[in-house]
Amino acid sequence: MSETTPLTNGTDAENLRKLRAYQPWAFFITFGGYMMAHFSRKSYSTIKGELESEAGYSPLLLSAMDTVFMATYAVGNVVNGKLGDTFNPTTILAIGLFGSGACLFAINSLVWFDTENYNESLGNVLILAFYFVFGFAQATGGPVGTAVMGNWFCDAQSEANRGVIFGFWTCHQYVGDVAAQLASAAIFAMEFPYWWCLFIPAVANVLWALVTMQLVADPVDKNIITPEVRIRQEKAKAKAAEEGTSAVDEGPKAIGFLEAFQIPMVAQYAIAFGFFKLCNYAFFFWLPYFLENSFDSSQANLIASAYSFGMMPGGIIVGFVSDAFGGRRAVVIGVFMVLLMCLLGMFAIYSEVLTANAFAVSLFFMGTLVGGPNNIITSAVAADLASHPSVRGSSKSLGTVTGLINGTGSIISSVGLLAIGPLQAAFGWSSVWLFMIGSTFIGTMLMSTKIYAELMESRSVAN
């Protein structure tokens, strides 16, 4: 049987019907889980000022909290991706949500008991310890959720539209960010204590964990025979025929980290993603600060929001276009990166004199150009890589591959961020935009072999 044999006649038609019937539920549950992660993170960022002015947290402590979170989040992506492939993904997702809720409750308890002002050393140790665990808990939704999506959206039609499906799915982060901003705005408008901004996502995480526990992570657990299972069964029969034994399907085995890196293009995509993610992190952390050089705080944040709104359609556009071109995602990503470098070049020359409207329009398009490749690499591209013939049907790899790409990217981008502050202080903001052009160029060059292969494939098909 071919590795691309779709679900067809007889019992296959029934399997396909049951598979598609459950797909919306799998989409909904995993979308909501990842949305909760962003709801939690963004809610914390909305009260940083209050934590400093009312809870007594120093700017150094707030920075340390971010650093600890980013470090454990990066490692957590790799570890949780592997755990999701090794154990029941539903369990890992639920543990992550329960853990996030528990950490937010614990952080709130430090605020309630005024720990920082009672004993600063104890308060610092406790908040950093909670944030250490929080980073790991938050890192489940990406790799494990992507793996569950890959399990269920595995029929021929879903694979043909993988880019669009994952493009819509990756909007979870922006829905979570917007929900956090709206919730925080309502809390402040009603003059509730600021700690409600952490209490509400804590409760929401726990409630969604209970919903997630109802998720069936793999179609096999509902007795649905997918193409993946068919391939594994055929390989088991072939191996049994060679050895003269009976065929036994022992189920898929989780892939190792080294094996995952040996899948063609995984290492290149993981490192390239780090350079692309650096651009996104630079905008996320520094854009309001930069804009406040020319606008007041309110206007600066309003203009900066154009970047977030631009990111929403990015993944959908890249997914749709790459699906239309037969899954040639590297070429589409390359085009987006070239356009981004052009816009960054314009910023390097004119950013000091742009009007508010010009900034808003430019940042919207930058958000689209940055968000599209970033979203699609950690979802549809990861699913493409994990379905390589060398591992398909014989191992579980999507969670591990997604975790490696996410984790490697987070580590590289975190290190790169250290250069932003010194660069803008010593040489001005033009040097920052040039630095981001260089980062984008390096990431694109790391994908050059894949881009070239896809272009040659297109040419051979045309001929």
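The values are calculated or read from the model by the stated rules, or taken from the named source; none is laboratory data. This one's a predicted model, so the numbers in the text were calculated from it and none came from an experiment. Every residue, glycine as well, gets a Cβ built from its backbone with ideal geometry; the counts of neighbours run over all protein chains shown. Side chains included, ligands, DNA and RNA excluded: accessible areas come from the protein's heavy atoms. Shrake-Rupley method; radii C 1.70, N 1.55, O 1.52, S 1.80 Å.
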Q157 being closer than 25 Å to D221 by Cα, open to solvent by 40 Å² or more (accessible area, probe 1.4 Å) and assigned to a helix (DSSP H, G or I):
yes
State the number of residues belonging to segment 282-323 that are buried (at least 18 other Cβ atoms within 10 Å of the Cβ), within 25 Å of W429 (Cα to Cα) and touching a residue at least 60 places away in the same chain (Cβ under 8 Å).
11
Taking L62 as the residue in question, decide whether it is under 30 Å from I411 (Cβ atoms), without any contact (Cβ under 8 Å) to a residue 60 or more places away in the chain and among the aliphatic types (A, V, I, L, M).
yes
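Could you please find all residues in segment 334-392 being of a type outside the set (S, T, Y) and in a loop (DSSP other than H, G, I, E, B)? Before the answer, list the steps.
As a first pass, look at segment 334-392 and keep what is of a type outside the set (S, T, Y): 334-349, 352-354, 356-361, 363-367, 369-377, 380-386, 388-389, 391-392.
Within segment 334-392, E352, V353, L354, H388, P389, V391, R392 meet the criteria.
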Determine which member of the set F199, F188, F192, F168 is over 18 Å from F28 (Cα atoms), open to solvent by 50 Å² or more (accessible area, probe 1.4 Å) and touching a helix residue (DSSP H, G or I) at 6+ places or on another chain (Cβ under 8 Å).
F199
